1. Any idea which residue in the range 1-39 is farthest from the chain's Cα centre (by Cα), counting only those that are touching a residue at least 24 places away in the same chain (Cβ under 8 Å) and assigned to a loop (DSSP other than H, G, I, E, B)?
2. Out of everything in the range 56-70 that is among the aliphatic types (A, V, I, L, M) and under 16 Å from Arg28 (Cβ atoms), what residue ends up being surrounded by the most Cβ atoms within 10 Å (Cβ to Cβ)?
3. Using beta carbons and a limit of 6 Å, which pairs, at least six apart or on different chains, have the first residue in the range 48-64 and touching a residue at least 24 places away in the same chain (Cβ under 8 Å) and assigned to a loop (DSSP other than H, G, I, E, B) and the second one charged (D, E, K, R) and surrounded by fewer than 14 Cβ atoms within 10 Å (Cβ to Cβ)?
Amino acid sequence: MQIRCDECRYFEPTFNHQGRLTDRGECRRRPPAMVGVTSETFIADGHFPIVNDHDWCGEFASKGDAEANAAFDAAAREDATDAAVCGHAGDA
């Protein structure tokens, strides 16, 4: 196993206009950053960071690490439940 983005559980590959896999993808480790927000347009758009498939960072999590993946999935479910209970679901 190599420590690189395309081997990480947070990497989401991207495709070009012809539907072919590119050498880049989105890092889904953190929530998307809001961009394009202005007081004139009130348009908000969230974007995940674009990374090269061969990049790496200090938060690498192997796709094959079942224990870490289960812990991450449980935390994500808990966060989603908390947001729905607190009335934050769908807020932008």
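The values are calculated or read from the model by the stated rules, or taken from the named source; none is laboratory data. All figures in this text were calculated on a predicted structure; none of them were measured in a lab. Backbone-built Cβ (ideal geometry, glycine too); neighbour counts: all protein chains shown.
1. Checked the range 1-39; the qualifying residue farthest from the chain's Cα centre (by Cα) is Met1.
2. First, the residues of the range 56-70 that are among the aliphatic types (A, V, I, L, M): 61, 66, 68, 70.
Adding the requirement that they be under 16 Å from Arg28 (Cβ atoms) leaves 61, 68.
On the way: Ala61: 16, Ala68: 13.
Across the range 56-70, the extreme among qualifying residues is Ala61.
3. Cβ pairs passing all conditions: Asp53/Asp23.
Let's see how each residue does on (1) loosely packed, with under 14 Cβ neighbours inside 10 Å; (2) modelled with pLDDT of 95 or more; (3) touching a Cys at 6+ places or on another chain (Cβ under 8 Å):
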{"residue": "Arg9", "(1), (2), (3)": "no, no, no"}
{"residue": "Arg24", "(1), (2), (3)": "no, yes, no"}
{"residue": "Asp45", "(1), (2), (3)": "yes, no, no"}
{"residue": "Phe48", "(1), (2), (3)": "no, no, yes"}
